[in-house]
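Right, one structure below, let's go through it.
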Amino acid sequence: MNMQTLFIRPVKVPVFGFLGLCGMAAAVTVAEGMGFVDVAATKRIIGLIIGLMALVIGNFLPKTRPLKVLGGNPAKAIATERSIGWTLALAGIADVVLFAFAPLNQARPLSSIVGIGTILVIAASCILLARRTPVSGQPITEEVVRSEHDASTGKLMAYLLFSFFWIFSTACVVFLFDHQPWVNNLTTWMMMGFGFLYAAMNAVLNYKTCTR
Amino acid sequence: MIFKALSDPIRRRVLELLRERPMSAGELADHFSVSKPAMSAHFAILREAGLVTSKKHGKSVVYDLQMSVLEDALLGFAQRFGWDLQERKQAKPNRLKREAFNS
């Protein structure tokens, strides 16, 4: 994967949008720590930011075509990308509306339910696609060499989607079980788990390079 | 650029066809009764708008869809209301003819 891939138009907006929103969330958290923003406003803003993340990533996901590199039936891949993109974008809109207008004690659990439902629908779409896509080693041909750009884009989107879904699922757990005493410990373990699973995903995605 | 790309019914139909699967320029052109240069112009507009990508496969060029959710929604709106506009444009000369006949 090269840096050139990062600046190609379909990928640029979701990647930099995601990083920008992460930066905003970090800034809001720091501002809360310094006393510039109260706790309730911080929770509302973080909820809005996560909704915007889902909206941005969901909107651009079908454009980046992350499933193209898997091969198999292109029609099924296009349909799956569209359904995942739409599901995520609608979930993002629902989150933004909830955190913009609903009372905070209702917005958090409702957005968790929306989030968990979204993750289940997306998982079901991916499982359906995986069942219909044959997994086979692809010989190195001219077509494979020409699709290296697609492979780089697909890999970048895989990292982005993994990071986003980890944040999304962590937020769903925190919003739903906010008042439970074990929530802080769970989120700490989830943050640590992110590092391990990210490294494992990196190894899997680069498997062919590692074994040469 | 997006609105220009979606304003033509032929280009909208091309996008609908590409939703099913990637297709070569020849396969797409077979669905329409327009000349090859005209179809090439349509493909160029769709490419410039970033709604499709093209790749050379031997002697043919294969087009693949590249639309965001927002562009997909705009296509849906354009299909619905653009079609109505086409009907109104066709109905207007008929209405004028009827009025001229009645008077």
Those residues of the range B:39-73 which are modelled with pLDDT under 90 and assigned to a helix (DSSP H, G or I), in sequence order: none
Residue among A:Thr64, A:Thr29 that is of a type in the set (Ser, Thr, Tyr) and over 30 Å from A:Cys126 (Cα atoms): A:Thr29
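This table checks each residue for (1) free of Cβ contacts under 8 Å to residues at least 40 places away in the same chain; (2) under 23 Å from B:Asp72 (Cα atoms); (3) charged (D, E, K, R).
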{"site": "A:Gly23", "(1), (2), (3)": "yes, no, no"}
{"site": "A:Val30", "(1), (2), (3)": "yes, no, no"}
{"site": "A:Val37", "(1), (2), (3)": "yes, no, no"}
{"site": "A:Ala41", "(1), (2), (3)": "yes, no, no"}
{"site": "A:Ala54", "(1), (2), (3)": "no, yes, no"}
{"site": "A:Lys63", "(1), (2), (3)": "no, yes, yes"}
{"site": "A:Ala75", "(1), (2), (3)": "yes, yes, no"}
Hey, among the residues in the range B:47-60 that are more than 20 Å from A:Pro10 (Cα to Cα) and in contact (Cβ under 8 Å) with a residue 12 or more places away in the chain, which one's least open to solvent (accessible area, probe 1.4 Å)? B:Ser60
Any residue at all in the range B:30-46 that is closer than 19 Å to A:Arg82 by Cα, open to solvent by 40 Å² or more (accessible area, probe 1.4 Å) and either touching a residue at least 60 places away in the same chain (Cβ under 8 Å) or within 12 Å of the chain's Cα centre (by Cα) (or both)? no
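Could we say that A:Leu55 is surrounded by 22 or more Cβ atoms within 10 Å (Cβ to Cβ), modelled with pLDDT under 90 and within 14 Å of chain B (Cβ to nearest Cβ) here?
On the way: surrounded by 22 or more Cβ atoms within 10 Å (Cβ to Cβ): yes; modelled with pLDDT under 90: no; within 14 Å of chain B (Cβ to nearest Cβ): yes.
Spelling it out, it is not the case that A:Leu55 is surrounded by 22 or more Cβ atoms within 10 Å (Cβ to Cβ), modelled with pLDDT under 90 and within 14 Å of chain B (Cβ to nearest Cβ).
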Considering the range B:11-23 alone, what residues qualify as being free of Cβ contacts under 8 Å to residues at least 60 places away in the same chain, open to solvent by less than 40 Å² (accessible area, probe 1.4 Å) and either farther than 22 Å from A:Pro10 by Cα or away from chain A (no Cβ under 14 Å) (or both)? B:Arg11, B:Val14
Output for the range A:71-81, where each listed residue is at the interface with chain B (Cβ under 10 Å from one of its Cβ atoms) and outside any loop (DSSP other than H, G, I, E, B): A:Pro74, A:Ala75, A:Lys76, A:Ala77, A:Ile78, A:Ala79, A:Glu81
Kindly check whether there is at least one residue in the range A:82-91 that is more than 11 Å from chain B (Cβ to nearest Cβ), open to solvent by 30 Å² or more (accessible area, probe 1.4 Å) and over 30 Å from B:Ser24 (Cβ atoms). no
Return the residues of the range B:61-83 that are surrounded by fewer than 13 Cβ atoms within 10 Å (Cβ to Cβ) and either within 14 Å of chain A (Cβ to nearest Cβ) or closer than 19 Å to B:Ala44 by Cα (or both); say none if nothing qualifies. B:Gly76
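The values are calculated or read from the model by the stated rules, or taken from the named source; none is laboratory data. Nothing here was measured: the structure is a model prediction, and the numbers come from that model. Don't worry about glycine lacking a Cβ; one is built from the backbone with ideal geometry, like all the others, and counts go over all protein chains shown. For the accessible areas, the whole protein counts, side chains as well, though only heavy atoms, and no ligand, DNA or RNA atoms are used. Shrake-Rupley method; radii C 1.70, N 1.55, O 1.52, S 1.80 Å.
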